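Before any comments, here is the structure.
Laboratory data are not the source of any read-out in this text; all were calculated from the coordinates shown. The structure presented is a predicted model; accordingly, all values stated were derived computationally and were not measured. Because the Cβ atoms are built from the backbone with ideal geometry, glycine has one as well, and the counts that use them run over all protein chains shown.
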Amino acid sequence: MPELPEVETIKLGLEKYLVGKKITDIELLDNRLLQDPELHLKGAKVIAVKRFGKGLVIDLDNNYSIAVHIKLTGQFIYQGNEIKKSPPSIKLVGTLPSKFTRIIFKLDKNANLYFNDVRRFAWVKVLKTSEVKRLPFFKELGPEPFKDLKIDYFQKVLKKSNSAVKSLLMDQKKIGGVGNIYANDALNLACIDPRRKASSLKDEEVKKLYAAVHEVLKRGLKYGGATEINFVNALGQAGKYLEHFLAYGRGGEKCYNCSGTIKKIRIAGRGTYFCPNCQH
């Protein structure tokens with residue numbers, strides 16, 4: 001599932017191309033996603049695009065917003081006259097609209113915003129802007145790196161938990177935005193065994209892990225996110241972070257820390273990659 005760097009990459013692209021544009025029409029191809037979308041969308045202008053954890057919010061000038069959780073396979077792809085030299089990936093997106101296109105937002109200046117979702121796990125809601133943070137997903141979201149995740153809180157949360165440290169990092173109610181890829185890589189960078197109880201980490205290890213979480217997320221943003229399944233940026237192009245994974249997806253390969261061998265195990269049903277030689 002896309003994590004903070006992937007969703008932030010989408011947000012930055014949508015912010016660049018959508019803000020200031022007006023929604024002239026909506027073509028709803030999946031009736032399960034929205035009810036009466038024209039009621040609050042048609043004729044509204046986009047004034048801001050925000051991200052909360054793994055969620056996106058598009059604010060409109062009529063005091064309504066479009067809240068979206070793209071889940072595993074959701075995609076936003078913008079097409080307009082100004083980006084003809086940056087075509088979307090046919091392999092990841094198909095020819096637009098594709099059989100997986102669920103909504104087409106028609107915009108002024110001959111532009112379109114396509115929302116695709118292969119597995120139909122995503123949700124899209126139109127609601128008053130003042131009510132966005134009351135949605136359970138946003139309301140229950142824990143503090144996230146780069147915004148409000150402070151070292152004191154991070155240390156307190158870890159010390160109170162007997163869960164595996166990797167599982168805690170991925171708990172969105174504790175820490176917002178970190179998922180499987182970046183939890184694996186942060187723990188490898190910090191040389192901490194993902195199976196350890198979070199409460200067992202010493203103060204120095206907590207500080208190393210806190211720094212490592214921020215570092216791997218920065219790298220993810222630098223390379224435009226990781227395209228493991230269906231993730232694409234707002235122009236429909238793949239991210240490059242998968243070429244720079246530290247541990248995730250590298251089972252059987254050499255660890256960059258110590259030249260040991262990355263091993264794959266499962267923690268709470270999720271594929272987990274770590275180096276038994278240097279992660280303790």
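Quick notes on this one:
- Rounded to the nearest 10 degrees, the inclination of helix 4-18 to the longest alpha-carbon principal axis of the chain is 20 degrees.
- Cα-centre dipole for the stretch 4-139 with unit charges at Cβ (Lys and Arg positive, Asp and Glu negative), debye to 20: 320
- Taking a Cβ cut-off of under 15 Å around Gly20, the surrounding Lys, Arg, Asp and Glu residues balance to a net charge of 0, with basic ones at +1 and acidic ones at -1.
- Our coupling estimate for the stretch 89-97, obtained by passing each phi through the Karplus curve with A = 6.51, B = -1.76, C = 1.60 and θ = phi - 60°, is 5, 4, 5, 8, 10, x, 8, 8, x Hz, Gly and Pro reported as x.
- Acute angle (nearest 10 degrees) that the helix 203-222 long axis makes with the longest principal axis of the chain, alpha-carbon atoms: 40
- For the chain: relative contact order, % (alpha-carbon pairs under 8 angstrom, 6 or more apart): 20
- Taking the helices alone, the chain has a mean residue ellipticity at 222 nm of -7500 deg cm²/dmol, built from -39,500 (n - 2.57) per DSSP H run of at least 4 residues and averaged over all its residues.
- Matching label, semi-axes √(5λ) of the Cα gyration tensor in Å computed from the structure shown, candidates [x] 33, 20, 18; [y] 29, 23, 17; [z] 36, 21, 15: [z]
- Each Lys or Arg adds one and each Asp or Glu subtracts one; over the other residues with Cβ under 12 Å from the Cβ of Asn277, this totals +1.
- Debye equation applied to the C-alpha atoms of the stretch 1-118, log10 I(q)/I(0) at 0.17, 0.22 Å⁻¹: -0.85, -1.55
- Among the listed pairs Lys11/Lys174; Lys21/Lys139; Lys125/Lys173; Lys50/Lys147; Lys11/Lys222, a Cα-Cα separation exceeding 18 Å is found for Lys11/Lys174; Lys21/Lys139; Lys125/Lys173.
- Inter-part distance where the stretch 1-45 and the stretch 216-233 are each reduced to a Cα centre, Å: 20
- Rel. contact order, % - alpha carbon contacts under 8 angstrom, at least six apart, the stretch 4-139: 29
- Compared with the dominant principal axis of the Cα atoms in the chain, helix 180-189 is inclined by about 40°.
- Net charge over other residues, Cβ less than 14 angstrom from the Cβ of Lys128 (K, R count +1; D, E count -1): 0
- For the chain, the cysteines with no partner cysteine C-beta closer than 4.7 Å are Cys191.
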